[in-house]
Amino acid sequence: MISVKNATFAYSEHEIIKNCNFDVSSGKIIVLRGANGSGKSTLLKALRGLIRPSKGEIYYTRNCKISYLTQVNTLNPLMPISARACVELSLTQIELKKYQVKINEAFIGMKLSLLEHTYLKHLSRGQLQKILFLRALFNKADLYLFDEPFNHMDSDSILYACELIKYFKIKGSSFILSTHIDEVPEEIIDKVFDLDKHHCALC
């Protein structure tokens with residue numbers, strides 16, 4: 001699905017990540033671990049194609065669809081759209097019919113069922129984060145790149161979010177998550193990449 005070969009990422013000649021090598025096949029969950037400034041967000045941006053490695057290459061399988069959830073919300077909260085409509089915004093009619101029941105379950109499981117028709121500007125930071133998470137998740141992709149997806153979420157919603165990730169993993173999608181290692185149940189994690197010391201190494 002995706003292959004990173006000897007990739008180095010630098011800002012103004014300062015190397016953030018050096019000699020990064022890994023492959024991601026279908027149906028895998030990879031967690032990125034490292035201190036602030038170790039390059040977790042940089043790596044996700046590179047995998048999304050927003051920045052290029054200063055050395056090395058990133059290869060994708062043909063027609064690989066990517067869904068990217070940034071750490072910083074880029075959605076205008078004043079946009080006159082409801083929580084439910086935001087989640088369903090990018091879905092085709094066929095996809096909407098396919099995921100209708102699952103979306104219903106997700107709104108209940110993430111404590112959003114009473115907020116479906118609430119405009120985004122009236123949501124709390126945690127509620128908005130859940131909506132952005134669901135929007136990115138149901139934008140069915142081969143590869144999900146999620147940068148701190150559980151920010152501002154309560155613990156029960158995080159557990160349910162992980163169940164949703166597991167559901168799409170079983171369907172063949174892969175995930176690369178930048179998050180605190182103890183937020184994701186160990187039994188669903190396939191690999192952990194440690195980016196400390198400017199290296200990307202399998203743990």
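So that you can scan it fast, the table gives a plain yes or no per residue for (1) of a type in the set (A, V, I, L, M, F, W, C); (2) in contact with an Asp or Glu (Cβ under 7 Å, 6 or more places away or on another chain):
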position: 64; (1), (2): yes, yes
position: 73; (1), (2): no, no
position: 94; (1), (2): yes, no
position: 97; (1), (2): no, no
position: 110; (1), (2): yes, no
position: 131; (1), (2): yes, no
position: 137; (1), (2): yes, no
position: 141; (1), (2): yes, no
position: 151; (1), (2): no, no
Test: residue in segment 176-194 that is part of a loop (DSSP other than H, G, I, E, B), open to solvent by less than 60 Å² (accessible area, probe 1.4 Å) and modelled with pLDDT of 95 or more
no
With the first residue restricted to segment 177-196 and required to be closer than 21 Å to residue 42 by Cβ, and the second required to be among the hydroxyl-bearing types (Ser, Thr, Tyr) and crowded, with 16+ Cβ neighbours inside 10 Å, Cβ contacts under 7 Å at 6 or more apart or on different chains are 178/41; 195/38; 196/38
The number of residues in segment 66-89 that are open to solvent by less than 60 Å² (accessible area, probe 1.4 Å) and either assigned to a helix (DSSP H, G or I) or among the hydroxyl-bearing types (Ser, Thr, Tyr) (or both) is 10
Residue set 166, 140; condition under 30 Å from residue 21 (Cα atoms), open to solvent by 40 Å² or more (accessible area, probe 1.4 Å), charged (D, E, K, R) and not in a helix (DSSP H, G or I); output residue 140
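Per-residue answers, yes or no, for (1) under 19 Å from the mean Cα position of the chain (by Cα); (2) open to solvent by less than 30 Å² (accessible area, probe 1.4 Å):
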{"position": "49", "(1), (2)": "yes, no"}
{"position": "53", "(1), (2)": "no, yes"}
{"position": "60", "(1), (2)": "yes, no"}
{"position": "63", "(1), (2)": "yes, no"}
{"position": "104", "(1), (2)": "no, no"}
{"position": "110", "(1), (2)": "yes, yes"}
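The values are calculated or read from the model by the stated rules, or taken from the named source; none is laboratory data. Everything quoted here is computed from the prediction, not taken from an experiment. For neighbour counting, all protein chains shown are included, and Cβ atoms are generated from backbone atoms with ideal geometry for every residue, glycine included. The protein model used for the area step is the full one, side chains on, heavy atoms only, and it has no ligands, DNA or RNA in it. Shrake-Rupley method; radii C 1.70, N 1.55, O 1.52, S 1.80 Å.
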